[in-house]
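Below is one structure, written out as structure tokens, with a few remarks after it.
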Amino acid sequence: MKNPLSVFSVLLVCSISVVAQNSDQAAPSPTPAASPAVIKSTGNPKATQTSGAKVSVPVPPEKSKPLQVPRLDKPPVIDGKLDGDEWKQAVVLKDFYQVNPGDNIAPSKPTEAFFGYDSKFLYLAVHAYDEPDKVRATMATRDQVFGEDNVRLYLDTFNDQRKAYILGWNPLGVQQDGIQTEGSGTDFSVDIVMESKGALTIDGWCLEVAIPFKSLRYVAGKDKLWGFHLWRNIDRFNDELDSWVPISRDISSILTQEAHLTGLEGISTERTLEVIPSLTFSETGKRVSALSPAALAANPALLDPGRTLNEPIKAEAGVTVKYGLTPTVTLDMAVNPDFAQVEADQTVVTANQRFPIFFQEKRPFFLEGIDIFNTDLQAVHTRAIVDPDIALKITGKTGRNTFGLLVASDNAPGNFSKDDRNNFSILPTIQRFLDKNAYIGVLRLKRDVGKESSIGLLATSYNFIEKHNQLGGFDGRFKLNPQTVLSFQFLGTTSRQCFSDPRANLYVPTVVDPCYTGGSTRSSYRTGNGFAYSISYSKEGRHFYYGFEGGGRTRDYRADVGFTRRTNTNNEGIYFGYASEPKPKAKLINWRINNSARIGFDWQGNSQGMEDEASIQFSFQRSSYLGFGFGGGSERLFEEEFGVARTATQSGSFFGSPERSTKQATPYIFAGTRPNKKYSLNVFLLHTRNSFDLDFGAEPKYPRVSPAALADPGAPLDPGPGNFWDVEISQSFQPTNELSLSLDYTRNTLVRNDTGLVAFKENIFSLHSTYQFTRFIFARARVDYETLGSNVRGQFLLGWTPNPGTAFYVGYNDDLTRNGFSPFTGQLEPGFRRNGRTFFVKLSYLFLKSFGK
């Protein structure tokens with residue numbers, strides 16, 4: 001079999017060649033129909049209306065026609081003062097509309113904006129009139145400004161009404177950037193190199209921005225159009241949004257209602273090469289046994305205090321390269337990339353969990369352009385690529401075609417620890433995998449259809465020793481009318497790997513058997529073919545909305561480059577709701593009700609459960625809300641999903657009956673408020689009657705408490721219903737513009753009905769604090785404490801991040817146990833014990849070189 005990475009590399013080179021040959025022949029971006037000259041609304045200061053009646057809002061000619069952006073003779077100085085003569089040449093945008101919570105009515109405060117450009121930059125300036133002492137602005141961290149006053153610019157640089165850059169700035173010029181894709185939400189992992197400055201003034205605040213064209217992917221030239229939205233967010237007025245063009249609530253899409261820029265001619269088409277070398281120094285210490293195995297075996301009651309063993313200092317170097325092949329196509333490459341996470345994953349409840357828990361990707365290389373690979377079935381989740389030696393990616397758009405190709409060589413599957421390599425009991429099991437790499441490839445193609453629809457193709461490949469998985473399929477999103485969207489995805493998989501068969505008899509494989517794990521098994525090495533689907537239909541109007549969602553995966557479906565929560569399942573559901581007309585000045589601004597119903601079943605036709613849920617939410621002044629909900633339904637468990645299915649020759653995974661079912665009732669309440677820029681509070685409280693205890697236990701604090709386990713701790717699983725409580729409280733406090741604090745608390749408790757005993761109780765406290773010395777220098781501390789494992793984890797970081805790519809970090813991570821159990825003897829250990837600690841210094845620098853004109 002040929003090396004799959006080599007095959008994908010050939011495809012990559014061919015793709016680059018085709019792009020280079022055709023980049024100048026790309027199909028022109030579609031010219032949109034003329035923007036609507038009128039829009040339905042509940043009111044506007046320039047429209048005559050009767051109270052409560054919908055009226056037509058006339059859109060001035062300068063908003064219904066493309067906005068001609070003038071070329072500036074001299075670049076403005078970006079200092080946030082808006083006093084340069086250069087802005088006198090710029091085109092001026094006035095008369096904004098309040099689109100939330102109001103419906104195209106007069107804004108609470110006026111706004112003026114200015115656009116201009118030269119060969120290298122698009123310039124934006126904003127004068128936001130306000131009372132300066134009431135402006136909500138802090139020295140926020142990058143990408144954290146949308147929770148206070150800000151300005152947002154949407155740039156649809158291909159004018160396809162499907163995807164747009166979203167660039168934002170707070171009154172101090174702190175930046176936020178992302179990409180919004182219709183139907184998929186917004187990805188804020190994107191980092192755009194740009195310059196911005198903001199300042200408070202006696203009549204509000206001013207902002208100046210210079211956006212390099214080389215930081216964007218775009219089409220430009222004579223008669224080319226860019227779609228755009230310009231919004232202002234006034235946070236204290238119930239998160240008010242003001243838009244330069246009116247937004248109709250009778251149309252479910254934002255980008256299809258965008259205004260247009262034109263006149264961007266003579267733009268530099270220079271190509272950009274970005275090289276970011278990185279270097280990380282780290283020293284890690286971990287707790288090891290202070291006693292020899294012989295001493296522990298001779299006296300099991302002996303207390304082992306352990307000791308900290310410091311490993312030698314490690315130095316890891318890597319480099320990431322980005323090259324703009326054309327203004328619309330980018331090639332990325334990483335060699336031994338620095339994928340160390342500056343911040344660890346959130347602490348979550350893991351007790352009584354049947355299925356894997358999803359964690360977001362955080363690594364910059366994979367986040368760049370990730371939106372093209374995201375689909376409903378999560379067939380691509382790049383955290384499956386754990387520790388790549390090398391990775392390459394090409395993404396872009398030519399005409400109506402969007403594409404992405406990702407290949408990687410991952411050494412994680414063959415990278416075993418020193419302890420494993422020295423453990424002769426498992427060495428025969430891992431010998432054939434040592435220091436071998438997995439080869440991974442992802443291909444994504446997508447074509448625009450009509451004005452607002454698209455069809456796509458996705459293929460992935462994962463290949464390791466005795467583990468091979470290939471996936472392929474197609475998807476589509478069709479805008480049937482301004483309010484209705486139909487989307488779907490169908491995937492097929494074929495895998496050659498070990499599959500567990502719950503009805504097979506136990507056997508003892510030989511060491512050379514692919515399914516050998518050191519003992520008996522029910523797994524067999526075979527080819528398995530699978531299928532998965534996702535379908536959704538939604539209609540969203542001004543007040544009413546409804547839809548259908550369905551999806552499923554067969555038993556042998558595998559997506560080894562993606563994330564799969566459950567197989568052999570189908571879930572089909574419907575939902576509908578109503579949202580009232582907002583009243584921005586009233587105490588009760590608006591309310592909404594929602595109802596959803598779903599049913600789950602496997603591919604053999606067995607019901608897995610059903611649920612009906614209803615909720616109502618009220619929104620009040622001071623960014624406050626209150627809601628209630630109730631869900632009722634049933635859940636059904638089958639023992640073969642937990643391991644062994646009983647047959648004539650073997651007993652099953654469950655004690656007693658091979659299946660369990662229960663009827664459940666779940667009331668809940670949620671509320672929150674943000675009365676000013678210093679404080680916020682959010683609360684969620686849920687109680688489920690007859691929630692299943694799966695009888696896994698939560699050792700060592702909570703052993704199994706089912707009747708079967710109490711009689712015999714080694715008995716098969718005996719799941720049973722209980723009372724479950726979930727309490728979540730989140731609060732934030734910002735005493736100064738530089739310091740922000742937040743405290744999150746989660747409490748989960750489950751008590752069995754039959755025995756009255758606690759199956760598990762978990763409390764998670766998470767304290768975050770950040771001090772922003774300047775826009776680019778910060779100190780961050782995070783402490784997590786969870787009671788189930790008695791773990792305390794601290795993360796402390798000092799960082800300097802002047803631009804995307806250039807950074808310097810000094811960090812310290814600590815992991816302790818408080819009143820926990822010894823990992824060596826299982827005995828209770830009072831006080832604090834350190835499990836491990838890491839000190840690191842991490843630095844990277846962006847080298848930027850432009851080619852062409």
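Does Asp435 count as modelled with pLDDT under 95 and part of a loop (DSSP other than H, G, I, E, B)?
yes
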*Collect the residues in segment 649-678 that are surrounded by 15 or more Cβ atoms within 10 Å (Cβ to Cβ), closer than 24 Å to Val727 by Cβ and small (Gly, Ala, Ser), keeping them in residue-number order.*
Ala671, Gly672
_Condition met for Leu681 (open to solvent by 60 Å² or more (accessible area, probe 1.4 Å) and part of a helix (DSSP H, G or I))_ = no
*Take segment 404-438 and flag every residue that is open to solvent by 60 Å² or more (accessible area, probe 1.4 Å) and touching a helix residue (DSSP H, G or I) at 6+ places or on another chain (Cβ under 6 Å).*
Asp435, Lys436
*asked:* Looking at segment 810-834 only, could you name the residues that are open to solvent by less than 40 Å² (accessible area, probe 1.4 Å) and either within 16 Å of Glu786 (Cβ to Cβ) or assigned to a strand (DSSP E or B) (or both)?
replied: Gly811, Asp814, Leu816, Thr817, Gly820, Glu829, Gly831
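When you scan segment 129-167, how many residues do you find that are in contact (Cβ under 8 Å) with a residue 24 or more places away in the chain, part of a strand (DSSP E or B) and under 18 Å from Ile192 (Cα atoms)? Walk me through it before giving the result.
Of segment 129-167, the ones in contact (Cβ under 8 Å) with a residue 24 or more places away in the chain are 129-132, 134-165, 167.
Subsequent filtering for residues that are part of a strand (DSSP E or B) retains 129, 150-156, 163-165, 167.
Okay, now just the ones that are also under 18 Å from Ile192 (Cα atoms), so 150-156, 163-165, 167.
Matching residues across segment 129-167 total 11.
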_Among (1) out of contact with any Phe, Trp or Tyr (no Cβ under 8 Å at 6 or more places or on another chain); (2) closer than 30 Å to Arg674 by Cβ; (3) among the aliphatic types (A, V, I, L, M), there is one condition Ile777 misses while meeting the rest; what is its number?_
(1)
*Restricting segment 141-153 to residues that are out of contact with any Lys or Arg (no Cβ under 9 Å at 6 or more places or on another chain) and open to solvent by 10 Å² or more (accessible area, probe 1.4 Å), which is farthest from Leu739 (Cα to Cα)?*
Asp143
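Evaluate the following for Gly627: is it modelled with pLDDT of 95 or more, assigned to a strand (DSSP E or B) and under 20 Å from Phe548 (Cβ atoms)?
Details: modelled with pLDDT of 95 or more: yes; assigned to a strand (DSSP E or B): yes; under 20 Å from Phe548 (Cβ atoms): no.
No: the conditions fail for Gly627.
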*Looking only at residues in segment 59-111 that are of a type in the set (Asp, Glu) and under 21 Å from Ala199 (Cβ atoms), which one is surrounded by the most Cβ atoms within 10 Å (Cβ to Cβ)?*
Glu86
_Residue that is farthest from Pro337 (Cα to Cα) [pool: residues in segment 299-317 that are acidic (Asp, Glu) and open to solvent by less than 70 Å² (accessible area, probe 1.4 Å)]_ = Asp304
*Name every residue in segment 52-87 that is modelled with pLDDT under 90, under 30 Å from Arg542 (Cβ atoms) and not hydrophobic (A, V, I, L, M, F, W, C), in order of residue number.*
Gly52, Lys54, Ser56, Pro58, Pro60, Pro61, Glu62, Lys63, Ser64
*Cβ-Cβ under 6 Å pairs, at least 6 apart or on other chains, segment 378-395 side part of a helix (DSSP H, G or I), far side at pLDDT below 95*: Thr382/Glu361; Thr382/Phe366; Arg383/Glu361
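In segment 401-438, what residues are acidic (Asp, Glu), touching a residue at least 24 places away in the same chain (Cβ under 8 Å) and within 27 Å of Pro509 (Cα to Cα)?
Asp435
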*Go through the residues of segment 744-758 one by one and say whether even a single one is closer than 30 Å to Tyr679 by Cα and either in a loop (DSSP other than H, G, I, E, B) or more than 25 Å from the chain's Cα centre (by Cα) (or both).*
yes
_Let me spell it out: the conditions are (1) at pLDDT 85 or above; (2) open to solvent by less than 50 Å² (accessible area, probe 1.4 Å); (3) polar (S, T, N, Q), and Thr347 meets all of them except one. Which number is the exception?_
(1)
*Could you tell me which residue of segment 724-750 is most open to solvent (accessible area, probe 1.4 Å), considering only residues that are within 19 Å of Gly631 (Cβ to Cβ) and of a type outside the set (A, V, I, L, M)?*
Trp725
*asked:* One residue is enough: does segment 553-568 have a residue meeting the conditions part of a strand (DSSP E or B) and farther than 30 Å from Thr429 by Cα?
replied: yes
*What single numbered condition from (1) buried (at least 17 other Cβ atoms within 10 Å of the Cβ); (2) under 27 Å from the mean Cα position of the chain (by Cα); (3) at pLDDT 90 or above fails to hold for Phe339?*
(3)
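Looking only at strands (runs of 3 or more DSSP E) that fall completely inside segment 181-298, which ones have 2 or more residues that are open to solvent by 20 Å² or more (accessible area, probe 1.4 Å)?
Details: elements: 185-187, 195-201, 204-212, 226-234, 240-243, 259-262, 271-288.
The strands (runs of 3 or more DSSP E) meeting that bar are 185-187, 195-201, 271-288.
Whether any residue in segment 560-571 is of a type in the set (Lys, Arg), over 25 Å from the mean Cα position of the chain (by Cα) and closer than 30 Å to Gly441 by Cα is what I want to check.
Let us first name the residues in segment 560-571 that are of a type in the set (Lys, Arg), namely 565-566.
With over 25 Å from the mean Cα position of the chain (by Cα) added as a condition, the list becomes none.
For segment 560-571, residues of a type in the set (Lys, Arg), over 25 Å from the mean Cα position of the chain (by Cα) and closer than 30 Å to Gly441 by Cα: absent.
Looking only at residues that are modelled with pLDDT of 90 or more, not in a loop (DSSP other than H, G, I, E, B) and not polar (S, T, N, Q) in segment 835-853, which one is farthest from Arg142 (Cα to Cα)?
First, pick out the residues of segment 835-853 that are modelled with pLDDT of 90 or more: 835-847.
This time we only want the ones that are not in a loop (DSSP other than H, G, I, E, B), so: 835-844, 847.
Now drop any that are not not polar (S, T, N, Q), which leaves 836-837, 839-843, 847.
Details: Gly836: 31, Arg837: 28, Phe839: 24, Phe840: 22, Val841: 21, Lys842: 19, Leu843: 18, Phe847: 21 Å.
Applying the filter and picking the extreme gives Gly836.
The values are calculated or read from the model by the stated rules, or taken from the named source; none is laboratory data. As the structure is a prediction and not an experimental result, all values here were calculated from the model. Counting neighbours? That spans all protein chains shown, and the Cβs are built from the backbone with ideal geometry, glycine included. SASA here: full protein model, heavy atoms, side chains in, ligands and nucleic acids out. Shrake-Rupley method; radii C 1.70, N 1.55, O 1.52, S 1.80 Å.
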